[in-house]
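The values are calculated or read from the model by the stated rules, or taken from the named source; none is laboratory data. These numbers were taken from a predicted model, which means no experiment stands behind them. Every residue, glycine as well, gets a Cβ built from its backbone with ideal geometry; the counts of neighbours run over all protein chains shown.
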Amino acid sequence: MIAACRPHRGVFVTPMAAVAGAVADEMLAALVGGRTLETAYVNNGGDIAVHLAPGAALDLGVVAQIDAPAIDATARLSHDTPVRGIATSGWRGRSRSFGIADSVTVLARDAASADVAATLIANEVTVDDPAIERRPASQLDDDSDLGDRPVTVAVGRLSSEAVERALDRGVRAARSMHRAGHIAAAMLVLRQRRRFAGDDRALG
């Protein structure tokens, strides 16, 4: 968890941003250790660690909105590509977010790295707007690692311009992570609008 967060130490992040992905990575390592498996994966509530032997491949369907499940994008992983982790974050998910993304899905070298990146990109999908309601994380969870930092609890009606500005911020963060080699690709979704960043062959 700490190793996955270290490349992003220039911004606020705690090891808990990688917990679900790190657990998936650890479980996968235990699953494949001492065994000869062609394909295996561990899905920890959407944070997924993948094992692919030479010649193996795995097709993924990405669901952007959990309350309206549908395949919104696809990805094909193969042994020859570096992606072994997938994670999704956003304010509607299990964890708290500083942003307003409905979802941000990231492909990276392992699930812990994808988990942190998805969290941080989702945090950047934001805009100042009275339609957004935030509360201190500590008021929602006494044990929150986010302390008194305000997290999103509701998003009302947003103008098209506000949605685009929020997505622009998130895309800039995702592209920066891609240039630094931290992620392979990302899909950002807000109010049914999708943006992609990174390798356009990896996710689409």
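Which residues, taken from region 44-61, are surrounded by fewer than 18 Cβ atoms within 10 Å (Cβ to Cβ), part of a strand (DSSP E or B) and not aliphatic (A, V, I, L, M)? Of everything in region 44-61, those that are surrounded by fewer than 18 Cβ atoms within 10 Å (Cβ to Cβ), part of a strand (DSSP E or B) and not aliphatic (A, V, I, L, M) turn out to be ASP59, GLY61.
Can we say THR81 is part of a loop (DSSP other than H, G, I, E, B), under 24 Å from ALA180 (Cβ atoms), over 15 Å from the mean Cα position of the chain (by Cα) and not small (Gly, Ala, Ser)? Spelling it out, THR81 is indeed part of a loop (DSSP other than H, G, I, E, B), under 24 Å from ALA180 (Cβ atoms), over 15 Å from the mean Cα position of the chain (by Cα) and not small (Gly, Ala, Ser).
Of all residues in region 17-56, those satisfying the criterion of being in contact with a helix residue (DSSP H, G or I) (Cβ under 6 Å, 6 or more places away or on another chain) and farther than 30 Å from ARG96 by Cβ are ALA40, HIS51.
If you go through region 1-27 and keep only what is without any contact (Cβ under 8 Å) to a residue 24 or more places away in the chain and under 13 Å from ALA118 (Cβ atoms), you end up with nothing.
With respect to the conditions (1) over 12 Å from GLY85 (Cβ atoms); (2) out of contact with any Leu (no Cβ under 8 Å at 6 or more places or on another chain), LEU28 lacks only one, and its number is (1).
Yes or no: LEU146 surrounded by 19 or more Cβ atoms within 10 Å (Cβ to Cβ), out of contact with any Asp or Glu (no Cβ under 6 Å at 6 or more places or on another chain), assigned to a loop (DSSP other than H, G, I, E, B) and of a type in the set (A, V, I, L, M, F, W, C)? Yes, satisfied.
Condition check: without any contact (Cβ under 8 Å) to a residue 24 or more places away in the chain and crowded, with 16+ Cβ neighbours inside 10 Å. Does ALA40 satisfy that? Yes: the conditions hold for ALA40.
If you scan region 86-120, which residues turn out to be charged (D, E, K, R) and in contact with a strand residue (DSSP E or B) (Cβ under 9 Å, 6 or more places away or on another chain)? Once the filter is applied, which keeps residues that are charged (D, E, K, R) and in contact with a strand residue (DSSP E or B) (Cβ under 9 Å, 6 or more places away or on another chain), region 86-120 yields ARG92, ARG96, ASP102, ARG109, ASP110, ASP115.
Of all residues in region 121-152, count the ones that are among the small types (Gly, Ala, Ser) and within 28 Å of HIS182 (Cβ to Cβ).
Within region 121-152, residues that are among the small types (Gly, Ala, Ser) and within 28 Å of HIS182 (Cβ to Cβ) number 4.
Where residues in region 149-204 are touching a Leu at 6+ places or on another chain (Cβ under 7 Å) and assigned to a loop (DSSP other than H, G, I, E, B), which of them is surrounded by the most Cβ atoms within 10 Å (Cβ to Cβ)? Top of the filtered list is ILE183. Just so you know, in region 11-37 the residues that are at pLDDT 95 or above and among the charged types (D, E, K, R) include one that is surrounded by the most Cβ atoms within 10 Å (Cβ to Cβ), and it is ASP25.
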